[in-house]
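Q: Attaching a single structure in structure tokens format; questions to follow.
The values are calculated or read from the model by the stated rules, or taken from the named source; none is laboratory data. Keep in mind it's a predicted model, so treat the numbers as computed, not measured. As a convention, Cβ positions derive from the backbone with ideal geometry for all residues, glycine included, and neighbour counts pool all protein chains shown. Protein only, heavy atoms only, side chains kept; ligands, DNA and RNA dropped before computing areas. Shrake-Rupley method; radii C 1.70, N 1.55, O 1.52, S 1.80 Å.
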Amino acid sequence: MKMKKLCAMLLASSMILTLAACGSDRGTEQSGQDSSAQESSGGQSQTPESPAESGSESGAEDSQGGQTGLVPMEDADDPITYTFFVRDPGQAPADDNPVIQKITELTGVTLKFEFLVGDLDQKLGTMIAGGDYPDVIFAGDAATKLMDAGAFIPLEEEIPKYPNLNAMYGDVLKYLTQADGHVYNMEIYGTFLNDVTEVAPPFECAIGFYIQKAVLEEAGYPEIHTLDEYFQVIEDYMEKHPDIDGVKTSGFEILGDGWRNWALLNPAQNLLGAGNEGAIFVDQQTFETSFYQISDTAHDFYKKLNEEYLKGVIVPETLTQSYDEYISKITTGSVLGFYDQNWNFGSAQNLLKADGKFERTYVCLPITNPGVKDGYLDKSNGIPTATNGVGITINCENPERLLRFFDWICQREVQDYLQWGEEGVDWNYTEDGGKVLTAERRAIVYDTARNRDETGHTLWNYCPKWQGIYKADNMPCGAGESPDEYLASQSDYDRQFLEAYGIKYPAELFSDPIIRPQYYPVWAMNLEDGSPAAVASTKITDVTMKCYPRLILAKDEAEYESLWADFLKEFNAIDLEAYQTEVDRQIAEKMGR
């Protein structure tokens, strides 16, 4: 039921990057940079009042930094390896990744990544039961299980010792603090309240109902706002094109694999005008909560999916496919539509771009109930979730050096190297002073394997980082936030597509971004493990995951209504009050009510 943000992570996935797991493609810029907060030398622990300056001009050669101009950490000649578990399926960068090799040379630090294989809850349960923790863990919102188990060391007294980490998190420590008074997580996705960066404008919507651009092109570029309109153009296209490039056309895919279950569980809240909230609907004016899962909107939504199943637009296999199967199907160019978050399918979209199949890439549409204003676009309120970050475990033998490493990579020069690469090789300035990737670097970004094995993307993606726009010079932190790069990366087809809609960016199809209240989102709330609220939350997910597929696959309207009645009975048998009361309590607390 919980939606994994990125926010990002991969806000940029639909732009130019894959953003593996909850992140977006962001980097840094050096010209005119502020040297007071984000440039530490050698990674030495500094007081926040006197952060050190880099001591090396970018691009200048030094004994170890070479053309990168990066200053080594003081103990770079003393190698150390940290084990790092990531809740996302994936693959560690190649051993000969040149960027990561350079970072290791300059710091002496190697991060040994382990990506998820199998079920996340089972993996974390095994860790907790045996106390067998790696040094660092990114578990997304499942981090609350590890916090409750005492797996992480407190960080509230450590972060202020490091100038760059303090500049990043110092102003939001109170929001990162858990109920026991400790900070266990350094958030890695989003732009938080700080003096260094501010929120970047959105170019694309990061979540919702996606449709292949070729479908809209053939339909004459219509404005689509309702489910009926959305599925009608898909049906029309399927009728004319039963196969695409020799592959049977798929009308609408639904991913429900493991924690990636939002496509099955959450669309009804967006139809009601909500954002990426979680397992409950929150009225943004009164903050009253209700369960959208049993609303008339939910009834009608799954009834619509059932109708599309009976028409052959949806096939039963979509409800049992794995994430890898889902991505593989999208890469064929034969899938016309789906509901998703852009970072989640970014690797498939990038492959389509690499193959020159731009008409087979996707755009998100502002689908809601008739007459309801869409609420898909968020404008960050600068408040972290307090769960969607990295934690250092009690098994880490040298957390001080790891924190110095994290502080070191948050230097603006290092961030720039990780995300942009080297000037003249990987990126260039525009005539107006903006930044764009070279065609060669852009091709690497579109290739998931090359981006992993030839750039610093993985390291950047799972570590503390600057995101947004630098306040000092109004430059984007990374390519995913650069308007110049976004426009430069568009194919001729995409430019024609945007021109047909009379817009510069796809986000202009939506209502203006909404600054969310301080409590937002519900999915990030920490529910004490084993509490009535946590038990109810799990049951909500279990019941909906069991019943929604049955509704979609009902043989006729009569069976649908019968199954819906069964679902209501089972859902209402959950201790919903326990969950709702706890959510209401946390909303009131975070809103200062």
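Q: By how many degrees, between 0 and 90 and to the nearest 10, does the Cα long axis of helix 557-572 differ from the longest principal axis of the chain?
A: 50 degrees
Q: At 7 Å along Cα-to-Cβ for each site, give me the label-to-label distance between residue 588 and residue 561 in nm.
A: Each label point lies 7 Å from its Cα, and together they span 4.0 nm.
Q: Take the alpha-carbon centre of the range 489-530, take the same for the range 304-352, and report the distance between them in whole Å.
A: Answer, in whole Å: 20.
Q: Which length gain, in nm to one decimal place, applies between residue 325 and residue 546 when the Cα-Cα distance is subtracted from 0.36 nm times their residue separation?
A: 77.5 nm
Q: Straight-line reach only, C-alpha to C-alpha below 18 angstrom: list the aspartates and glutamates that residue 123 could link to, leaving out same-chain residues fewer than 8 apart.
A: 88, 114, 132, 135, 141, 148, 257, 529
Q: Considering only 186, 280, 117, whose Cα is most displaced toward the positive end of the charge dipole of the chain, charges sitting on Cβ of Lys, Arg (+1) and Asp, Glu (-1)?
A: 280
Q: Between residue 179 and residue 398, what length in nm is gained on full extension when 0.36 nm per residue of separation is reduced by their alpha carbon distance?
A: Here the answer is 76.2 nm.
Q: For the chain, build the charge dipole from Cβ charges (+1 Lys, Arg; -1 Asp, Glu) around the Cα centre, then report which of 456, 384, 408 sits farthest towards its positive end.
A: 384
Q: Another question, if that's okay. Per residue, how much accessible surface does the chain expose to a 1.4 Å probe? Answer in Å², no decimals.
A: That works out to 37 Å² per residue.
Q: Suppose R0 equals 25 Å; then what is the FRET efficiency for residue 300 and residue 240 from their Cβ-Cβ distance, rounded to the nearest 0.05?
A: Once rounded, the FRET efficiency stands at 0.35.
Q: Here's something else I'd like to know. Counting Lys +1, Arg +1, Asp -1, Glu -1, what net charge surrounds residue 168 among other residues with beta carbon under 11 Å of its beta carbon?
A: That sum, taken over residues with Cβ under 11 Å, equals -3.
Q: Which percent, nearest 5, of DSSP beta bridges in the chain are antiparallel?
A: Looking only at bridges with both residues in the chain, the antiparallel portion is about 65 percent.
Q: Follow-up question, since we're still on this one. Where a ≥ b ≥ c are the square roots of the eigenvalues of the C-alpha gyration tensor, would you call the range 305-373 rounded, which needs a/c under 1.5, or, failing that, prolate if a/b is larger than b/c, or oblate?
A: Oblate shape, in that a/c is at least 1.5 and b/c is the bigger or equal ratio.
Q: While we're looking at this one, here's another question. For the range 242-251, take each phi angle, set θ = phi - 60°, evaluate the Karplus expression 6.51 cos²θ - 1.76 cosθ + 1.60, and give the result in whole Hz per residue in order, putting x for glycine and proline.
A: 3J(HN,Hα) across the range 242-251, in whole Hz: x, 9, 10, 6, x, 10, 4, 5, 10, x.
Q: Over all alpha-carbon pairs in the range 405-482, figure out the percentage whose distance exceeds 18 Å.
A: So the portion of pairs separated by more than 18 Å is 38 percent.
Q: Output the relative contact order of the range 434-593, whole-number percent, from Cα pairs under 8 angstrom with separation of 6+ residues.
A: Contact order relative to length: 18 percent.
Q: Next question, about the same structure. Compute the long axis of helix 576-590 from its Cα atoms, compare it with the longest principal axis of the Cα atoms of the chain, and write down the angle in degrees, 0 to 90, nearest 10.
A: 40 degrees
Q: Do the sum for the chain: with -39,500 (n - 2.57) for every DSSP H run of n ≥ 4, divided by all residues, what is the mean residue ellipticity at 222 nm, to the nearest 500 deg cm²/dmol?
A: -10000 deg cm²/dmol
Q: Based on the mean of other beta carbon atoms within 10 Å per residue, what is the order of 252-262, 366-376, most packed first?
A: Top of the packing list down: 252-262, 366-376.
Q: Angle, helix 227-240 long axis vs. longest principal axis of the chain, Cα atoms, 0 to 90°, nearest 10?
A: Once rounded, the angle reads 80 degrees.
Q: Need the full-extension length gain, residue 355 to residue 290, defined as separation in residues times 0.36 nm minus the C-alpha distance. One decimal, nm.
A: Computed gain between residue 355 and residue 290 is 18.9 nm.
Q: Another question, then. Could you compute the FRET efficiency for residue 440 and residue 117, with r as their C-beta to C-beta distance and R0 at 22 Å, rounded to 0.05?
A: Calculated transfer efficiency: 0.10.
Q: Put +1 on the Cβ of each Lys and Arg and -1 on the Cβ of each Asp and Glu in the range 422-575; which of 530, 466, 488 then has its Cα farthest toward the positive end of the dipole?
A: After comparing all options, I get 530.
Q: Go through the range 356-400 and name the GluC sites (Glu not before Pro) that are in a DSSP coil and have 12 or fewer other Cβ atoms within 10 Å of their Cβ.
A: Hits after loop and neighbour filter: 397.
Q: For the chain, give the percent of accessible area contributed by carbon and sulfur heavy atoms, probe 1.4 Å, rounded to a whole number.
A: Here carbon and sulfur together make up 47 percent of the probe-accessible area.
Q: If I compute mean projected area of the Cα convex hull in nm² from the structure I just sent, which labelled value in (i) 25.1; (ii) 31.9; (iii) 34.7 lines up?
A: Given (i) 25.1; (ii) 31.9; (iii) 34.7, the calculated one carries the label (i).
Q: In addition: Tell me, how many Å apart are the Cα centres for the range 532-549 and for the range 126-140?
A: One Cα centre to the other: 25 Å.
Q: Could you check the spin-label model distance between residue 538 and residue 317? Points 7 Å from the Cα along Cα→Cβ, value in nm.
A: 3.4 nm
Q: About its Cα centre, how strong a charge dipole does the chain have in debye, to the nearest 20, once Lys and Arg get +1 and Asp and Glu get -1 at the Cβ?
A: 940 debye
Q: Still on this structure, I have one more. Modelling each spin label as a point 7 Å along the Cα-to-Cβ direction, I'd like the residue 94/residue 228 distance in nm, to one decimal.
A: 5.4 nm
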